[in-house]
């Protein structure tokens, strides 16, 4: 009973984090300042780009762990393999103009919609859990960066750039660095835990 209640609360908090920030833009600063009371000591010990690296690595690590324990990877592999086989047979049936086989495979694809919906639901739930931690970290980095508009970092190919500078559109250099750091950690964790699709 307690586990179910905590699970529902966590999911509600995740939904609030994901969609509340769209409805209440002022939340970004409030959450950023709350996180600042916890994380401000980091600013005294590490350069800003290393703090972003550490937080992005943490994000990549716990996102992979949450996915590992909240998703049915066996179902995912099974459905992906089945879809791959159906698509292969479908192409062969089309090339050989086998109308009966094409129709049969189309029916199989329609029947698999339920499995695909289950897969989508399974992917959405971990996103809510991940957002509980990642969104506050993200808003804290945003707050810190906005308070240091002249912070610089050397990037390969682009040289020294302001972290608040626009890489393209509204996508700033610090954001690019954040994702660049989290992706390899996430991939290594997923490989180590043997999670992911086929």
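The values are calculated or read from the model by the stated rules, or taken from the named source; none is laboratory data. Just so you know, these numbers come straight off a predicted model, no measurement behind them. Backbone-built Cβ (ideal geometry, glycine too); neighbour counts: all protein chains shown.
Please go through the stretch 165-189 and give me each residue that is in contact with a helix residue (DSSP H, G or I) (Cβ under 6 Å, 6 or more places away or on another chain) and over 24 Å from residue 64 (Cα atoms), ordered by number. Explain how you work it out, then say what you get.
Restricting attention to the stretch 165-189, the residues satisfying the condition of being in contact with a helix residue (DSSP H, G or I) (Cβ under 6 Å, 6 or more places away or on another chain) are 165, 167, 174, 177-178, 181-182, 185-186, 189.
Result: 165, 167.
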| message | Looking at the structure I just gave you, is residue 21 modelled with pLDDT under 80 and closer than 28 Å to residue 177 by Cα? | response | yes
| remark: Here the qualifying pairs (Cβ atoms under 6 Å; residues six or more apart or on different chains; first in the stretch 42-53 and touching a residue at least 40 places away in the same chain (Cβ under 8 Å) and at negative phi; second outside any helix (DSSP H, G or I) and surrounded by 14 or more Cβ atoms within 10 Å (Cβ to Cβ)) come out as 48/151; 49/153
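Every residue, every condition in (1) closer than 22 Å to residue 47 by Cβ; (2) touching a residue at least 40 places away in the same chain (Cβ under 8 Å); (3) not in a helix (DSSP H, G or I), yes or no:
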position: 137; (1), (2), (3): yes, yes, no
position: 146; (1), (2), (3): yes, no, no
position: 154; (1), (2), (3): yes, no, yes
position: 157; (1), (2), (3): yes, no, yes
| query | Checking residue 28 against (1) without any contact (Cβ under 8 Å) to a residue 24 or more places away in the chain; (2) surrounded by 13 or more Cβ atoms within 10 Å (Cβ to Cβ), which test does it fail? | reply | (1)
| message | Taking the criterion of being free of Cβ contacts under 8 Å to residues at least 12 places away in the same chain, surrounded by 15 or more Cβ atoms within 10 Å (Cβ to Cβ) and either more than 23 Å from residue 187 (Cα to Cα) or in contact with a strand residue (DSSP E or B) (Cβ under 8 Å, 6 or more places away or on another chain) (or both), would at least one residue in the stretch 4-25 satisfy it? | response | yes
| note | By residue number, the members of the stretch 59-77 that are free of Cβ contacts under 8 Å to residues at least 40 places away in the same chain and either surrounded by 17 or more Cβ atoms within 10 Å (Cβ to Cβ) or touching a helix residue (DSSP H, G or I) at 6+ places or on another chain (Cβ under 8 Å) (or both) are none
| Filter pass, residue 95 being farther than 26 Å from residue 126 by Cβ, under 28 Å from the mean Cα position of the chain (by Cα) and free of Cβ contacts under 8 Å to residues at least 12 places away in the same chain | no
| said: Just checking, does the stretch 100-122 include any residue being crowded, with 16+ Cβ neighbours inside 10 Å, under 15 Å from the mean Cα position of the chain (by Cα) and closer than 26 Å to residue 83 by Cα? | reply: yes
| said: Would you confirm, using the coordinates I've provided, whether residue 86 is surrounded by 14 or more Cβ atoms within 10 Å (Cβ to Cβ), in contact with a helix residue (DSSP H, G or I) (Cβ under 6 Å, 6 or more places away or on another chain), part of a helix (DSSP H, G or I) and in contact (Cβ under 8 Å) with a residue 60 or more places away in the chain? | reply: no
| From the options 130, 135, 145, residue that is at pLDDT 85 or above, within 28 Å of residue 49 (Cβ to Cβ) and in contact with a strand residue (DSSP E or B) (Cβ under 8 Å, 6 or more places away or on another chain) | 145
| request: Mind listing whichever residues of the stretch 153-163 are out of contact with any helix residue (DSSP H, G or I) (no Cβ under 6 Å at 6 or more places or on another chain), surrounded by 15 or more Cβ atoms within 10 Å (Cβ to Cβ) and at pLDDT 90 or above? | output: 162
| request: Could you please find all residues in the stretch 31-58 being surrounded by fewer than 10 Cβ atoms within 10 Å (Cβ to Cβ) and not in a helix (DSSP H, G or I)? | output: 41
